[in-house]
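So the structure is just underneath, and the comments pick up after that.
The values are calculated or read from the model by the stated rules, or taken from the named source; none is laboratory data. Since this is a predicted model, take the numbers as computed values, not measurements. Please note: Cβ atoms are built from the backbone with ideal geometry, for glycine as well, and neighbour counts cover all protein chains shown. Surface accessibility is based on the protein's heavy atoms, side chains included, excluding ligands, DNA and RNA. Shrake-Rupley method; radii C 1.70, N 1.55, O 1.52, S 1.80 Å.
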Amino acid sequence: MNEILSLAADNLVSPIILSFALGLAAAFVRSDLSVPEAVAKGMSIYLLFAIGFKGGAGVAAHGVDQTLILSLIAGIVLSFGLPIIAFGLLRFLTNFDTINRAAVAAHYGSISIVTFVAATSVLDGRGIESEGYMVAVAAAMEAPAIISALWLLSRAGGQGQADSALYREILTNGSIVLLVGAFLIGGITGEDGLATISSFIVAPFQGVLCLFLLDMGLVAGRGLRESRGDLGLGAVAFGVIMPPIGAACGLLLALLIGLSSGGAALMMVLSASASYIAVPAAMRVALPEAKPSIYLTLSLGVTFPFNLVIGIPFYTAIATQIVGG
């Protein structure tokens, strides 16, 4: 418990958390502070490229082995399975209709790459090493949750269906293409490639992440302020209960696979996070009747801050205690 509190305290006064808090506060007081959309898009591209490239270089150094393959399988299983848990929990905690429950469930089976990036930053800051290929697991967990949620909806008598437009939306989503592409480039060029551009993707990384999270704070705060009528206490409770449930599932599979403490922490983070980039884009195609004010506000306005402030320190400490290191 002392280690969890210590990690949480350190995380609360870290530049990335304070940057997010600044954006959140600015939104709540209705400040005119804003980050130009083009700048925010540029920072997103930078972060995805950097984390993908470093992950690919890590795989090149590590090599493809059984643990990597099992980790990918575990990620896909989690992405399929977690929406089923989320769907049932939403039925118990909220009065959302079937379509909105399915849309929210899809978000909680997929992942937040920014939460993953923040977690890698925390691990690096504490000198905790992790498997470089976890970024490949993150990419593998983006899409299966969408199919799982549509399957749940069809069983419940809904109208959602997976057609060619949806599959195209999933496979060509910019974040997935960039993350996988950068990962492949890093894997091909290896540590030599990383050394060549390290001054670009390593040294500035923390500063860019701070500015990006400032923008995320602004977006999350405005979403919370404008969607009070669509979210009740049960929905907010779901937004903070579901992440630890997902993290527990991720830890169980990480232990079965034999991941390091850092790898287990990242598996927990991926399982606990909720998408607010790839899945919302897919939901506009698959479930246009679902309300973004519900699924986007829950994932970005409730779960994202919870994971940043409380979740990441908690998952890291638990993984370190159980796995060791």
Among the listed residues L231, L218, which satisfies the condition of being part of a loop (DSSP other than H, G, I, E, B) and within 21 Å of S275 (Cβ to Cβ)?
L231
Out of all the residues in the range 30-46, which are of a type outside the set (D, E), assigned to a helix (DSSP H, G or I) and open to solvent by 30 Å² or more (accessible area, probe 1.4 Å)?
A38, V39, K41, G42, I45
Subset of the range 250-277 (residues that are open to solvent by less than 10 Å² (accessible area, probe 1.4 Å) and either among the acidic types (D, E) or at pLDDT below 90 (or both)):
S275
I201 passes all but one of (1) open to solvent by less than 20 Å² (accessible area, probe 1.4 Å); (2) over 24 Å from S110 (Cβ atoms); (3) in contact with a Ser or Thr (Cβ under 6 Å, 6 or more places away or on another chain); which number fails?
(3)
In the range 217-239, the residues that are aliphatic (A, V, I, L, M), open to solvent by 20 Å² or more (accessible area, probe 1.4 Å) and farther than 14 Å from V104 by Cβ:
V219, L224, L233
(1) open to solvent by 10 Å² or more (accessible area, probe 1.4 Å); (2) modelled with pLDDT under 95; (3) assigned to a helix (DSSP H, G or I) all hold for V77 apart from (2)
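Name the residues in the range 302-313 that are more than 18 Å from G109 (Cβ to Cβ), open to solvent by less than 10 Å² (accessible area, probe 1.4 Å) and either of a type outside the set (V, I, T) or part of a loop (DSSP other than H, G, I, E, B) (or both), would you?
Keep residues of the range 302-313 that are more than 18 Å from G109 (Cβ to Cβ), which gives 305, 308-310, 312-313.
Among the residues that remain, those that are also open to solvent by less than 10 Å² (accessible area, probe 1.4 Å) are: 308, 312-313.
Listed by number, the residues that qualify are L308, P313.
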Any idea how many residues of the range 47-74 are surrounded by 15 or more Cβ atoms within 10 Å (Cβ to Cβ), of a type in the set (A, V, I, L, M, F, W, C) and farther than 20 Å from V114 by Cα?
5
If I go through the range 133-172 residue by residue, how many of them are part of a helix (DSSP H, G or I) and either open to solvent by 20 Å² or more (accessible area, probe 1.4 Å) or at pLDDT 75 or above (or both)?
25
When the residues of the range 244-291 are filtered to those that are assigned to a helix (DSSP H, G or I) and among the hydroxyl-bearing types (S, T, Y), which remaining residue is farthest from A319 (Cα to Cα)?
S271
Here is a check on your reading of the model: is I241 on the phi < 0 side of the Ramachandran plot, in a helix (DSSP H, G or I), out of contact with any strand residue (DSSP E or B) (no Cβ under 8 Å at 6 or more places or on another chain) and at pLDDT 85 or above?
yes
So, in the range 47-68, exactly how many residues are part of a helix (DSSP H, G or I) and farther than 30 Å from L211 by Cβ?
4
